[in-house]
Amino acid sequence: MKSIMKKYQYIDFMKTIAMFLVIAAHCTLFFSGNEFWFIKAEQESVLLRWISKFVVLSVVPIFTFASGFLLQVSLQKNKGSVVSLIRKKAARLLIPYFIYGTLWLVPTYTFFDIPSFGRDKGASLTDGYKAMALGKFSDVAWFLLMMFWVTVIWILLQRLLKKANLIYGAVVSVVLYFAAHFFLRQIDYYKISQIDIYIIVFFVGAAFFYISDAVYYHVSEWILIFGSLAGIIACVFLAQLSTEIYSMECILKIVIPVLFVTFSMGLCRTKEVGKLEETAVYNWLCKNSLYIYLLQAPGMYIGFGILYPLMGSNALLCFLVLFIATTLSDVILTLIYVFMKEKIFTFLHQIST
């Protein structure tokens with residue numbers, strides 16, 4: 001599988017970019033006046049609001065697109081039974097959710113009393129665990145639950161991901177989008193309400209697999225880089241309309257990942273990025289991207305609470321320092337987690353033998 005993934009190194013590169021973008025996205029939300037963000041600055045920043053609208057629309061679709069692409073890679077290499085594929089996805093997505101929620105999310109949010117969806121300010125530890133177990137309180141981990149449902153749908157419908165059936169798959173993805181949007185939006189458990197547009201994004205990622213080689217090997221890297229970059233810049237401006245035009249939001253969530261993957265393709269064909277991909281730091285980031293994603297919270301909330309009173313008058317400076325501080329603390333926590341996990345596994349192995 002490693003040799004196959006080396007062929008699709010641009011997917012790892014794209015996910016690594018998205019990992020840093022998601023930290024940036026959450027840091028901009030403190031200053032963007034977003035109605036869904038519970039802790040925010042007293043005054044908005046116009047620039048950060050612009051950036052926030054684009055980045056928030058980008059990060060989850062990028063990860064979802066990549067997951068669709070990688071499922072297709074897996075199906076091409078090793079068919080496997082439906083049950084085994086779902087079991088693997090549960091191990092990859094659900095088990096980390098419940099471990100993270102039990103050992104990190106609920107205890108830290110309770111200790112620092114951080115309000116979030118599904119957790120009111122002042123909520124007890126017991127209330128936090130109940131809400132987490134029901135998928136109501138998940139904060140950044142909501143993505144794991146949403147991705148599990150979307151992946152299971154396409155595992156069950158994997159016949160529609162075959163090249164000959166893509167037209168039918170496209171039609172079914174749109175039908176499922178409308179069904180989820182109108183009939184599942186009120187289900188407040190396990191983020192089932194959030195799957196609608198990501199059903200289509202996942203399918204687009206899986207379908208893109210079939211043209212990926214042609215794009216990667218036959219289109220100039222500079223056309224890929226600058227053409228995609230021009231499209232991304234256009235999307236930054238179009239993202240400002242997404243609040244008023246819901247269809248624009250949906251279109252951008254489908255288009256932006258395609259632009260990012262072609263942008264990543266172009267960069268991965270340059271010598272500079274090729275050398276970067278050979279470094280230990282880059283490979284460590286790719287390997288531990290899930291942990292880095294999850295462990296950004298609650299550090300960003302704590303950092304905002306410390307930094308904003310000191311430099312709140314300069315929103316841009318506060319954002320930059322918060323982003324750097326959150327990223328560094330995130331990496332340090334991931335290093336500690338990886339070290340502890342290795343020691344525990346080594347200890348358990350020694351006991352068993």
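Among the residues of segment 227-243, are any assigned to a loop (DSSP other than H, G, I, E, B) and closer than 22 Å to Phe54 by Cβ? Yes. Taking every residue in segment 105-133 that is on the phi > 0 side of the Ramachandran plot and pairing it with any residue that is surrounded by 16 or more Cβ atoms within 10 Å (Cβ to Cβ), at least 6 positions away or on another chain, the pairs with Cβ-Cβ distances below 6 Å are Gly118/Ala131; Gly118/Lys136; Gly118/Phe137.
If you check Ser220 against the conditions, is it within 17 Å of Val59 (Cβ to Cβ) and either out of contact with any strand residue (DSSP E or B) (no Cβ under 6 Å at 6 or more places or on another chain) or of a type in the set (A, V, I, L, M) (or both)? Before the answer, list the steps.
Details: within 17 Å of Val59 (Cβ to Cβ): no; either out of contact with any strand residue (DSSP E or B) (no Cβ under 6 Å at 6 or more places or on another chain) or of a type in the set (A, V, I, L, M) (or both): yes.
Answer is no for this residue.
Note on segment 262-289: among residues that are in contact (Cβ under 8 Å) with a residue 60 or more places away in the chain and small (Gly, Ala, Ser), the one that is least open to solvent (accessible area, probe 1.4 Å) is Ser264.
Tell me the helices (runs of 4 or more DSSP H) entirely within segment 139-219 that contain at least 1 residues that are at pLDDT below 95 and more than 30 Å from Thr108 (Cβ to Cβ). Full working, then the answer.
Working: elements: 142-156, 166-183, 196-218.
Those helices (runs of 4 or more DSSP H) span 166-183, 196-218.
Scanning segment 181-217 for residues that are out of contact with any Ser or Thr (no Cβ under 6 Å at 6 or more places or on another chain) and under 20 Å from Ser242 (Cα atoms), we see that the one that is surrounded by the most Cβ atoms within 10 Å (Cβ to Cβ) is Ile195. If you go through segment 100-157 and pick out every residue that is open to solvent by 20 Å² or more (accessible area, probe 1.4 Å) and small (Gly, Ala, Ser), you end up with 5.
From the residues in segment 84-99 that are under 30 Å from Lys40 (Cα atoms) and without any contact (Cβ under 8 Å) to a residue 40 or more places away in the chain, which one is surrounded by the most Cβ atoms within 10 Å (Cβ to Cβ)? Top of the filtered list is Phe98.
The values are calculated or read from the model by the stated rules, or taken from the named source; none is laboratory data. Remember, predicted model here, so these are calculated numbers, not experimental data. Because the Cβ atoms are built from the backbone with ideal geometry, glycine has one as well, and the counts that use them run over all protein chains shown. Only protein heavy atoms, including side chains, enter the accessible area calculation; ligands, DNA and RNA are left aside. Shrake-Rupley method; radii C 1.70, N 1.55, O 1.52, S 1.80 Å.
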